[in-house]
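The values are calculated or read from the model by the stated rules, or taken from the named source; none is laboratory data. On a predicted model such as this, the values are computed, not experimentally measured, just so you know. Don't worry about glycine lacking a Cβ; one is built from the backbone with ideal geometry, like all the others, and counts go over all protein chains shown.
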Number of protein chains: 2
Amino acid sequence: MAWQVTHKEQSKDKILTSAAMLFTHHGFDKISIDQVMEKAELTRGAFYSHFSSKSDLYAQAINKAAQVAYQRTPDNETVQMAEYAQFYLSPAHRDDNLQQPCPLAFLVSDINQKNEQVKSTYTKTFKRFIKLAEQSITDRQQALQSAALMIGGLAIARALNEEPLSDELLKSCQAGVLTLTENE
Amino acid sequence: MAWQVTHKEQSKDKILTSAAMLFTHHGFDKISIDQVMEKAELTRGAFYSHFSSKSDLYAQAINKAAQVAYQRTPDNETVQMAEYAQFYLSPAHRDDNLQQPCPLAFLVSDINQKNEQVKSTYTKTFKRFIKLAEQSITDRQQALQSAALMIGGLAIARALNEEPLSDELLKSCQAGVLTLTENE
DNA sequence: GTCTATAAATAGATAGAC
DNA sequence: GTCTATCTATTTATAGAC
């Protein structure tokens with residue numbers, strides 16, 4: 001019987017799986033413990049025998065989300081990143097609400113949960129940024145790539161709590177913009 | 001006297017400037033109307049004669065933040081994007097709490113406001129992602145660039161509310177990963 | 001370990017005086 | 001237009017029965 005998963009472990013895993021999906025799709029603040037527990041088919045009172053706080057749950061849920069998401073990577077010996085990127089950067093990955101998407105991208109989002117007025121303003125701001133880029137980068141595709149690398153690089157750099165890694169990322173992205181716009 | 005800014009306009013601008021700074025640095029949910037009004041040296045009651053809701057303020061504050069941030073771009077006739085990227089992707093821009101940073105990157109962040117446990121988990125997940133990338137991209141710098149472009153591209157694509165633009169961005173980023181890893 | 005009930009705090013929004 | 005005071009809803013977290 002040693003291989004059996006205990007009832008407690010089952011419950012915790014159910015809570016984590018539910019939380020991973022809800023948090024990645026809707027963000028930390030939009031999701032209450034109630035909603036997580038309801039999706040896990042438990043009640044609120046049971047929560048604190050598994051986690052010490054909502055933040056504790058969040059940290060563990062990010063882990064869970066990553067595990068589940070990366071299970072979907074081709075399980076050959078090595079992942080071909082350039083190939084994986086084709087799926088990763090697809091409308092299917094962006095829009096799918098049924099499977100567990102990549103938390104690294106989905107959790108970097110204070111905007112997505114917001115209403116249309118807010119998203120509309122964000123979109124307009126992004127377009128202005130692209131227009132700015134196109135003043136010196138004539139190829140529109142290169143302008144979009146550069147903008148995504150800049151915004152993404154800075155956003156991730158801010159989310160990391162290890163400064164050497166964060167600095168290294170910034171430097172790499174600087175060089176990346178140069179590579180992408182080399183022929184200008 | 002026609003050129004004079006009215007008292008009401010001054011108040012609204014003060015609220016917007018305060019909100020822009022607070023929201024970009026700490027996120028929508030962490031900032032209360034109270035805090036915004038306090039920074040603007042007004043009280044809560046005055047808020048609703050300028051804005052219909054907190055969301056309304058948020059949308060307008062993003063605009064304000066973009067205006068202020070882009071004022072700092074070199075005001076020659078045209079901006080050299082590759083050059084601007086060097087500042088944009090600098091620790092100074094990442095860490096500065098005194099000036100208005102770019103809202104496009106700073107608002108794409110459900111993580112930054114969170115505690116160290118959460119940021120630590122996010123960092124570990126990012127490192128795992130890089131390790132995955134390095135299975136097929138031997139140059140570490142290229143691995144970092146590709147990851148930032150993928151995560152950033154997807155995150156922004158999700159934040160945009162115009163599907164053709166969002167799709168175009170995804171496609172551009174797919175091509176960008178190929179360009180960045182061309183010599184592999 | 002899970003449940004129901006409840007405490008305690010926070011924050012968005014409104015009312016009415018000046 | 002700005003103030004103080006208040007209503008109301010939400011939500012994290014805890015207490016105690018089973």
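For B:Gln99, the stated conditions do not hold, so it cannot be described as of a type in the set (S, T, N, Q) and facing chain A (nearest Cβ under 7 Å).
When segment B:35-46 is examined, which residues are found to be in a helix (DSSP H, G or I) and either within 28 Å of A:Val108 (Cα to Cα) or more than 11 Å from DNA strand C (Cβ to nearest atom) (or both)? Across segment B:35-46, the qualifying residues are B:Gln35, B:Val36, B:Met37, B:Glu38, B:Lys39. The condition (being crowded, with 20+ Cβ neighbours inside 10 Å, β-branched (Val, Ile, Thr) and in contact (Cβ under 8 Å) with a residue 12 or more places away in the chain) is satisfied by just one residue among B:Thr138, B:Thr181: B:Thr181. Scanning segment A:141-184 for residues that are under 14 Å from B:Ala85 (Cβ atoms), hydroxyl-bearing (Ser, Thr, Tyr) and part of a helix (DSSP H, G or I) yields a count of 3.
Residues in segment A:21-34 that are surrounded by fewer than 20 Cβ atoms within 10 Å (Cβ to Cβ) and not in a helix (DSSP H, G or I) were compared, and the one that is farthest from the chain's Cα centre (by Cα) is A:Ser32.
Here is a yes/no grid of residues against (1) away from DNA strand D (no atom under 16 Å from the Cβ); (2) within 12 Å of chain A (Cβ to nearest Cβ):
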{"residue": "B:Lys8", "(1), (2)": "no, no"}
{"residue": "B:Ala19", "(1), (2)": "no, no"}
{"residue": "B:His26", "(1), (2)": "yes, yes"}
{"residue": "B:Lys30", "(1), (2)": "no, yes"}
{"residue": "B:Met37", "(1), (2)": "no, no"}
{"residue": "B:Phe47", "(1), (2)": "no, no"}
{"residue": "B:Leu57", "(1), (2)": "no, yes"}
{"residue": "B:Asn63", "(1), (2)": "yes, yes"}
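The set of residues from segment A:143-165 being buried (at least 22 other Cβ atoms within 10 Å of the Cβ), of a type in the set (S, T, N, Q) and out of contact with any Gly (no Cβ under 8 Å at 6 or more places or on another chain) comprises just one member, A:Ser146. Might you check whether a residue that is within 16 Å of DNA strand D (Cβ to nearest atom), buried (at least 16 other Cβ atoms within 10 Å of the Cβ) and within 19 Å of B:Lys127 (Cα to Cα) occurs anywhere in segment A:69-89? Scanning segment A:69-89, I find no residue that is within 16 Å of DNA strand D (Cβ to nearest atom), buried (at least 16 other Cβ atoms within 10 Å of the Cβ) and within 19 Å of B:Lys127 (Cα to Cα), so the answer is no.
Name every residue in segment A:38-68 that is polar (S, T, N, Q) and exposed (fewer than 13 other Cβ atoms within 10 Å of the Cβ), in order of residue number.
If the condition is that a residue be polar (S, T, N, Q) and exposed (fewer than 13 other Cβ atoms within 10 Å of the Cβ), then A:Thr43, A:Ser49, A:Ser52 are the ones that fit.
Can you find a residue in segment A:160-173 that is closer than 22 Å to B:Arg140 by Cα and small (Gly, Ala, Ser)? There is at least one residue in segment A:160-173 that is closer than 22 Å to B:Arg140 by Cα and small (Gly, Ala, Ser).
Can you tell me which of A:Ser53, A:Ser18, A:Ser49, A:Ser32 is modelled with pLDDT of 95 or more and within 8 Å of DNA strand C (Cβ to nearest atom)?
Residue meeting the stated conditions: A:Ser49.
For B:Asp96, are the conditions met, namely being among the charged types (D, E, K, R) and within 16 Å of DNA strand D (Cβ to nearest atom)? No, not satisfied. Among the candidates A:Glu162, A:Glu182, the residue that is more than 7 Å from chain B (Cβ to nearest Cβ) and on the phi < 0 side of the Ramachandran plot is uniquely A:Glu182.
Here is a list: B:Ser52, B:Ser11, B:Ser18. Which entry is part of a helix (DSSP H, G or I) and without any contact (Cβ under 8 Å) to a residue 24 or more places away in the chain? Answer to the check: B:Ser18.
None of A:Thr125, A:Thr73, A:Thr78 is at pLDDT 95 or above and either outside any helix (DSSP H, G or I) or at the interface with another protein chain (Cβ under 7 Å from one of its Cβ atoms) (or both) except A:Thr125. Given (1) touching a Cys at 6+ places or on another chain (Cβ under 9 Å); (2) in a loop (DSSP other than H, G, I, E, B), where does A:Asp110 come up short, assuming only one miss? Here A:Asp110 meets the rest and fails (1).
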